[in-house]
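What follows is a short report on a single structure.
Just so you know, all these numbers are worked out from the coordinates, no wet-lab data involved. Note that this is a predicted model, so its numbers are computed, not measured. Using ideal geometry, Cβ is built from the backbone for each residue, glycine included, and neighbour counts are taken over all protein chains shown.
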Amino acid sequence: MSNRAPRRHGSLWEDVRGRGATFSPEEQVRPAAFLRAGRGDAATLLVLRAVRRAVWPIITVGAAVAVLNGEFTAEAISRITNPGQFFAVILSPLVILAAGWALRIVVNLAGLLLAAPLAQAAWVKGTEATSRGRRLIDLAYLSAGYRSVRWSYAVQREAVRRCGMLGRQLAWVETLGRIALPVAIAVFVWAVWYQLPTGTSAG
């Protein structure tokens, strides 16, 4: 007779859902808990989402422009030997690419700062770290987590609901950014293909 434990037929996802069912209402994720009261924070989040969605199309188009202008060749890169030449390159046709990366950094920092008040209020009094430095580190970690949840579509839907017509318009702008990305990728692929040598001349 086998001593093997009976095989469980439930999936890992079902196990996770089963454990989640034991959460109290206070422990479950509610999209409204990741937005501050009123319309201001919701509208700001939707603006950030729209800008965030535009970042990758801008970066991709910037890369395509740089390819077409020969900025990614080994010869062009070898000319960068000091900070002055580096900044000259940034202000060359690479300016679109640089602007895209700068915008990405700004959006991520803004998202973190806007999530910080929510994260700070989330700690149960008496459970925080003992030193001020460690509390700041913990706040940064928790703010990053709140920022990630605020990027979710569930929180976006709640923000749109709060903002009404303005929210729907901002959501549409974000959708345009999603549509622009495959178009920008196609432009980049065309730029790379256009720069490929078409053949070698006969000697």
Inset, instruction - Taking the Cβ of each residue in Trp172, Trp123, Trp56 as the centre, tally the other Cβ atoms inside 10 Å and list the residues starting with the fewest. - result: Trp172, Trp123, Trp56
Inset, instruction - Sort Ser131, Ser148, Ser143 so that the residue with the fewest other Cβ atoms within 10 Å of its own Cβ comes first and the one with the most comes last. - result: Ser131, Ser148, Ser143
Inset, instruction - With label points built 7 Å along Cα→Cβ from the Cα atoms of Thr175 and Ala102, find their separation and express it in nm. - result: 3.2
Inset, instruction - Assign unit charges at the C-beta atoms only (+1 for Lys and Arg, -1 for Asp and Glu), then state the dipole size of segment 37-193 relative to its Cα centre in Debye, rounded to the nearest 20. - result: 660
Inset, instruction - Please report the relative contact order for segment 37-193, taking Cα pairs under 8 Å with a sequence separation of at least 6, and give it as a percent rounded to a whole number. - result: 45
Legend entry - Neighbour-count order for Thr60, Thr127, fewest beta carbons within 10 angstrom listed first: Thr127, Thr60
Inset, instruction - Between the alpha-carbon centers of segment 156-175 and segment 49-67, tell me the distance in whole angstrom. - result: 22
Inset, instruction - Please give the direction-averaged projected area of the C-alpha convex hull for segment 37-193, in square nanometres with one decimal. - result: 12.5
